[in-house]
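The values are calculated or read from the model by the stated rules, or taken from the named source; none is laboratory data. Values in this document were obtained by computation on a predicted structure and should not be read as measured data. Counting neighbours? That spans all protein chains shown, and the Cβs are built from the backbone with ideal geometry, glycine included.
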Amino acid sequence: MSKQKTLGSPLERFTRMMFSRIIAGLARALHEEDFSVAQVAALHLLDQDGPARVTALATSLGLSASAGSRLADGLVQRGLLARQEDPEDRRAKTLALTPLGRRFVDQASEERVRVILETARSLPPEISAAILSAIRAFQRG
């Protein structure tokens, strides 16, 4: 689909609205919890992908190894991540969410789902029903 046909389309307007509402929630969380975007992204990546080495996490975030290490250190100090021995290389360490880190990610996910459902319900009934049906199908599949 060309850029001209995409901008202003119903799908683009809906995703723009969803993004605006989700990113506003993220901005509130960043402010309230004193997090950087990279820190929140790191927590979500480790939630989705499981434990990872610092270098792999840094690469996923577009950071240098030293910046990734500093980011991880800050999250470890706050009790959100734990360093563990890498089962494949005992000299290396991996990062994993702690229970506190898991709680943060779970709360952010609950808020995101709430925003999506609230937004879907504010649309015309036939569109809202189609979106909620698609979400349910995605959950099953």
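As a summary of the residue check, residue 47 satisfies the conditions (1) among the charged types (D, E, K, R); (2) surrounded by 16 or more Cβ atoms within 10 Å (Cβ to Cβ); (3) out of contact with any helix residue (DSSP H, G or I) (no Cβ under 8 Å at 6 or more places or on another chain) except for the one numbered (3). Give region 1-60 a look and list any residue that's among the charged types (D, E, K, R) and either farther than 20 Å from residue 120 by Cβ or without any contact (Cβ under 8 Å) to a residue 24 or more places away in the chain (or both), or say none. The answer is 3, 5, 12, 13, 16, 28, 32, 33, 34, 47, 49, 53. Of the residues contained in region 115-124, none is found to be within 30 Å of residue 17 (Cβ to Cβ), surrounded by fewer than 14 Cβ atoms within 10 Å (Cβ to Cβ) and β-branched (Val, Ile, Thr). Condition test on residue 102, is it surrounded by 15 or more Cβ atoms within 10 Å (Cβ to Cβ), modelled with pLDDT under 90 and not in a loop (DSSP other than H, G, I, E, B)? Against the criterion (surrounded by 15 or more Cβ atoms within 10 Å (Cβ to Cβ), modelled with pLDDT under 90 and not in a loop (DSSP other than H, G, I, E, B)), residue 102 does not qualify.
Restricting region 61-84 to residues that are touching a residue at least 24 places away in the same chain (Cβ under 8 Å), in contact with a helix residue (DSSP H, G or I) (Cβ under 8 Å, 6 or more places away or on another chain) and not small (Gly, Ala, Ser) leaves a set whose member that is surrounded by the most Cβ atoms within 10 Å (Cβ to Cβ) is 81.
Would you mind telling me which numbered condition in (1) of a type in the set (A, V, I, L, M, F, W, C); (2) modelled with pLDDT of 95 or more; (3) within 21 Å of residue 19 (Cα to Cα); (4) more than 15 Å from the chain's Cα centre (by Cα) residue 135 fails? Failing condition for residue 135: (2). Screening 29, 41, 52 for residues that are surrounded by 12 or more Cβ atoms within 10 Å (Cβ to Cβ), of a type outside the set (Phe, Trp, Tyr) and farther than 27 Å from residue 118 by Cα leaves exactly one candidate, 52. Just one of the listed residues (34, 89) is modelled with pLDDT under 95, farther than 30 Å from residue 14 by Cα and among the acidic types (Asp, Glu), namely 89.
Among the criteria (1) modelled with pLDDT of 95 or more; (2) under 30 Å from residue 120 (Cα atoms); (3) not charged (D, E, K, R), the one residue 77 does not fulfil is (2). Scanning region 105-114 for residues that are surrounded by 14 or more Cβ atoms within 10 Å (Cβ to Cβ) and either in contact with a Ser or Thr (Cβ under 6 Å, 6 or more places away or on another chain) or not acidic (Asp, Glu) (or both) yields a total of 3. Inside region 85-99, residues that are exposed (fewer than 15 other Cβ atoms within 10 Å of the Cβ) and either not charged (D, E, K, R) or not in a strand (DSSP E or B) (or both) make up a count of 4.
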